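Notes follow the structure.
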Amino acid sequence: MTMSSPPISSTLAIPRASDMPQHVAIIMDGNGRWATARRLPRAAGHVKGVDRVREIVNACLQHGIGNLTLFAFSSENWRRPKDEVSLLMRLFIGVLQREVERLREHGVRLRVIGDVSRFEPRLQELIAEAQRQTGASDRLVLTVAANYGGRWDILNGFRRMLRDHPELAQDVDAIDESKLLPYLAMHDAPEPDLFIRTGGEQRVSNFLLWQLAYTELYFTDTFWPDFTSEEFDRAIASYRMRERRFGRTSAQAEETP
Ligand code: IPE
Ligand code: IPE
Ligand code: MG
């Protein structure tokens, strides 16, 4: 099961590459362009995008994928027009109010990573409540990155590590990956095997910078509201064609995948 085996750092040891990704991380991009192409307000794309979240969560449950991480709102998305930001917040609140019970029934544990302290108190409470309600589930860990930034995660991790271990500030050479790892947002999940970005852009946009070190990247032009489970299967099929070498030669990777 997902949470029982301790996660392995891909730069410290060679993780076992399995046929099916154990962790998929997705930048759900293209909602606005999907709507604009249909002469709809951008909000319509975000609303439609929620249907795809449901569909992809179900696909992960069917495939036995233990971790799904979705980028819902980046630390840079505050730069958007106020109306769009508040629509996204309302959508988030609505989803938490409506879907949590269903997630629990399906064995999905929800958790949110990112600096939630900037959200309005009601949303913060709903997030805490949703995490509590689904805390015992273990079929799928659904991580939603909200007000998340990869750089924030690393900096925040460093600060928390030094707060707990002030002695490390006097002995900086003793700071290694294993000291920092427990303080990163995704510390208890395996590193993503597969990263998907919909919407045509080929960039990481400050998503899981640390964790994507050896992740297989998949980009598609399909806008998120059109990203069905069939599209998801195509991404998985692409993943299965990859040879994950983790720095080794091809011959070595074939010998011990
Ligand atoms: C992704 O879709 C959703 C969020 C960033 C919240 P966009 O809103 O970025 O859609 P495009 O990229 O403008 O089409
Ligand atoms: C990345 O999408 C963030 C989310 C999907 C939540 P953006 O649409 O904000 O990314 P950029 O700004 O085009 O790189
Ligand atoms: Mg975008």
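Quick notes on this one:
- Output for segment 8-30, where each listed residue is at pLDDT 95 or above and open to solvent by less than 20 Å² (accessible area, probe 1.4 Å): 21, 23, 24, 25, 26, 27, 30
- Evaluated against (1) within 24 Å of residue 30 (Cα to Cα); (2) touching a residue at least 24 places away in the same chain (Cβ under 8 Å); (3) part of a helix (DSSP H, G or I), residue 157 falls short on exactly one condition, (1).
- Against the numbered list (1) away from ligand 3 (no atom under 14 Å from the Cβ); (2) under 30 Å from residue 245 (Cα atoms); (3) in contact with a strand residue (DSSP E or B) (Cβ under 6 Å, 6 or more places away or on another chain); (4) not aromatic (Phe, Trp, Tyr), residue 20 comes up short only at (3).
- The selection criterion, being under 23 Å from residue 153 (Cβ atoms), assigned to a helix (DSSP H, G or I) and among the β-branched types (Val, Ile, Thr), does not hold for residue 112.
- Qualifying residue in segment 137-146 (condition: open to solvent by 80 Å² or more (accessible area, probe 1.4 Å), free of Cβ contacts under 8 Å to residues at least 60 places away in the same chain and over 16 Å from the mean Cα position of the chain (by Cα)): no
- Residue in segment 91-109 that is part of a helix (DSSP H, G or I), out of contact with any Cys (no Cβ under 9 Å at 6 or more places or on another chain), loosely packed, with under 13 Cβ neighbours inside 10 Å and touching a residue at least 24 places away in the same chain (Cβ under 8 Å) present: yes
- Number of residues in segment 64-88 that are surrounded by fewer than 16 Cβ atoms within 10 Å (Cβ to Cβ) and within 28 Å of residue 187 (Cβ to Cβ): the value is 3.
The values are calculated or read from the model by the stated rules, or taken from the named source; none is laboratory data. Remember, it's a predicted structure, so these values are computed and weren't measured experimentally. Cβ atoms come from the backbone with ideal geometry, glycine included; neighbour counts cover every protein chain shown. Areas reflect the complete protein model, heavy atoms only, side chains present, ligands, DNA and RNA absent. Shrake-Rupley method; radii C 1.70, N 1.55, O 1.52, S 1.80 Å.
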